[in-house]
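J.: Below you'll find the structure I mean.
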Amino acid sequence: MQSPENAEAMLKIAADAAVSKGGEDLVALNVSEPLPLVDIFLLVTGNSERNVAAIADEVEDRLGEAGHKRVRREGRTEARWVLLDFGDLIVHVFHGEERVYYGLERLWKDCPVVPIELTEAAAESSS
């Protein structure tokens, strides 16, 4: 990874934010080898368009509050697959059907999984 500390710190913030809004099935992949400009993909599932939008908004808000600038956002209007690009971290928030259909885990299956460490409060809310 190019800047593992920054990417991992961003991952923790994004994961906590996603879980706080009901995000499920979080998976983080180290994509730095095939994609030299990105370190980590975070994949999250929401259970409805409204939930997908809420998760994406919370991730964007919390990373912004922590001083991380969003480079690009796509898919917010439809809220079926929202992509949030923060440079070292790209967050993909999917509706369940889109996550299965596009199968990013299959496409990036050769990339190592990055452990996701939630804060204690986020871990409690996810159980």
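J.: What pairs can you find where one residue is in the stretch 92-112 and touching a residue at least 12 places away in the same chain (Cβ under 8 Å) and surrounded by 12 or more Cβ atoms within 10 Å (Cβ to Cβ), the other is part of a helix (DSSP H, G or I) and of a type outside the set (S, T, N, Q), and their Cβ atoms are less than 6 Å apart, with a gap of 6+ or different chains?
T.: Cβ pairs passing all conditions: V93/V52; V93/I55; V93/A56; H95/V52.
J.: So, in the stretch 21-46, of the ones that are among the small types (G, A, S) and within 18 Å of P112 (Cα to Cα), which residue ends up surrounded by the fewest Cβ atoms within 10 Å (Cβ to Cβ)?
T.: S32
J.: Further, regarding this structure: Taking into account only those residues within the stretch 104-127 that are acidic (D, E) and assigned to a helix (DSSP H, G or I), which is modelled with the lowest pLDDT?
T.: Here the residue is E124.
J.: With among the hydrophobic types (A, V, I, L, M, F, W, C) and touching a His at 6+ places or on another chain (Cβ under 8 Å) as the only criterion, which of I55, I13, I40 stands out?
T.: Result: I13 is the single residue among I55, I13, I40 that is among the hydrophobic types (A, V, I, L, M, F, W, C) and touching a His at 6+ places or on another chain (Cβ under 8 Å).
J.: So how many residues does the stretch 47-91 have that are basic (K, R), exposed (fewer than 13 other Cβ atoms within 10 Å of the Cβ) and free of Cβ contacts under 8 Å to residues at least 24 places away in the same chain?
T.: 2
J.: Additional query: Looking only at the stretch 9-20, count how many residues are charged (D, E, K, R) and buried (at least 20 other Cβ atoms within 10 Å of the Cβ). Walk me through how you get there before you give the answer.
T.: Step one: list which residues in the stretch 9-20 are charged (D, E, K, R), which gives 12, 16.
Those still in the list that are buried (at least 20 other Cβ atoms within 10 Å of the Cβ) too: 16.
Final tally of qualifying residues: 1.
J.: Which of the residues that make up the stretch 81-92 are at pLDDT 95 or above and touching a helix residue (DSSP H, G or I) at 6+ places or on another chain (Cβ under 8 Å)?
T.: Scanning the stretch 81-92 gives W81, V82, L84, F86, L89, V91, H92.
The values are calculated or read from the model by the stated rules, or taken from the named source; none is laboratory data. For clarity, every value in this text was computed on a predicted model and none was experimentally measured. Note that each Cβ is placed from the backbone with ideal geometry, even for glycine, and that neighbours are counted across all protein chains shown.
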